[in-house]
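The structure appears below as structure tokens.
The values are calculated or read from the model by the stated rules, or taken from the named source; none is laboratory data. The shown structure was predicted, so the numbers you read here are calculated from the model rather than taken from an experiment. Here the Cβ positions follow ideal geometry from the backbone for every residue, glycine too, while neighbour counts run over all protein chains shown. Ligands, DNA and RNA are excluded from the accessible area calculation, which covers all protein heavy atoms including side chains. Shrake-Rupley method; radii C 1.70, N 1.55, O 1.52, S 1.80 Å.
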Amino acid sequence: MAELGSKGVTAGKIASNVQKKLTRAQEKVLQKLGKADETKDEQFEQCVQNFNKQLSEGTRLQKDLRTYLASVKAMHEASKKLTECLQEVYEPDWPGRDDTNKIAENNDLLWTDFHQKLVDQALLTMDTYLGQFPDIKSRIAKRGRKLVDYDSARHHFEALQTAKKKDETKIAKAEEELVKAQKVFEEMNVDLQEELPSLWNSRVGFYVNTFQSIAGLEENFHKEMSKLNQNLHDVLLGLDKQYSGNAFPVKAQPSDSTPAKANKSPSPPPDGSPITSPETKTVNHELEPSTLEAPGASIPKSPSQSSLPAVVVETFPATVNGTVEGGTSSERADMPPGFLFKVQAMHDYTATDSDELQLKAGDVVLVIPFENPEEQDEGWLMGVKESDWIQHKELDQCRGVFPENFTERVQ
């Protein structure tokens, strides 16, 4: 019997809740249609707008703070990898070996401490601050429902009072329900009217404390990190002084005064094979005595070759009317003037300048010398595609430079 009674109470409560929802829905429809007046509180509505804005700003701040912490953790890992690399390359017999190990250890501890303090003094405080919003948001929503109940009870009581046929019993019951609904609403309303402005004003102190904590932690972190960096600098300076006689010279890059082409370096081919350094090309032609390079003649060199010893480079016989003077019968008039050798494109190459050749894998290129050897860039060749030359195109129109490492020499 007790079980049946419990089920009956539950069913009655469900029915009551359903009836309340229907009554509220009807009241809202009447209010929207203008057939029932709605209790307005502009001051409270402003408080709700401020609350929603405060919640939105706090949520964004929490998200950005978590992103910041993730970045600090990533920087910690990157710094740790860098110091580990230094420890690996630092030879055991080099001076300051123990100091570098200690610096690496302190570096790791400093990052760990910085991250943990940010969590304790900023993120956890942020979580606590936002933790109060869900409950208040729920109470604001409940207050809205109770306001609809109050308006509904008020309208019901007024309708019974103005009815032509009055029922005093119904009027008394409606009045009782009105007083009850008003009491519940006003209790919630008063609490929120006091709490929301206080919460809105508290944001200033919270933002100040949060960003002061972050700024202070960053300041201390960078001070300590600066000391470690100075210590590392001193250790490396000592290493440099001891081994300064064996220092490896770093070659300078071409200056801005170098011709425009001299700053270009060929891109690696699609298969990732390394860029090959240009080799001195020689061709076994029989040379006329008059065409040999005079002893002691200077050989143009690119900036990166300035420290290399001079090499003897064979020059090629001049051409007259498309034929090679003193050349063999294989050097025919169907080759471009000064033809050196053939190469075949192993990869596609997209020209990025007007003076470059566009290559497709399989294209055969006839390599010719630069008119001005000083314009030749390291890793680049001058040539004309064989297909263009066969079509008797003008040499000036079809020749261009291309990266040597995209091709291979054809015998």
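Tabulated data for the structure shown
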read-out	value
Percent of C-alpha pairs per 10 Å bin, the stretch 117-157, short to long	26, 25, 20, 15, 10, 4, 0
Net length gained if the chain between residue 62 and residue 394 were fully extended (0.36 nm per residue, minus Cα distance)	112.7 nm
Amide proton proximity set for residue 407, modelled H, under 5 Å, gap of 5+	346
Stretch gain in nm, segment residue 128-residue 48, where the contour uses 0.36 nm per residue and the Cα spacing is subtracted	26.7 nm
Sum of side-chain charges, residue 399 neighbourhood, beta-carbon under 11 Å (Lys, Arg +1; Asp, Glu -1)	-4
Accessible area of the stretch 121-229 belonging to carbon and sulfur atoms, whole % at 1.4 Å probe	53
Residue pairs, from the table 146/173; 63/146; 81/241; 117/227; 80/117, whose Cα atoms sit over 24 Å apart	63/146; 81/241
Column: log10 I(q)/I(0), Debye, Cα scatterers of the stretch 133-215, q = 0.11, 0.14, 0.27 Å⁻¹	-0.48, -0.62, -1.17
Mean-position separation - Cα centroids, the stretch 124-162 and the stretch 175-249, in angstrom	34
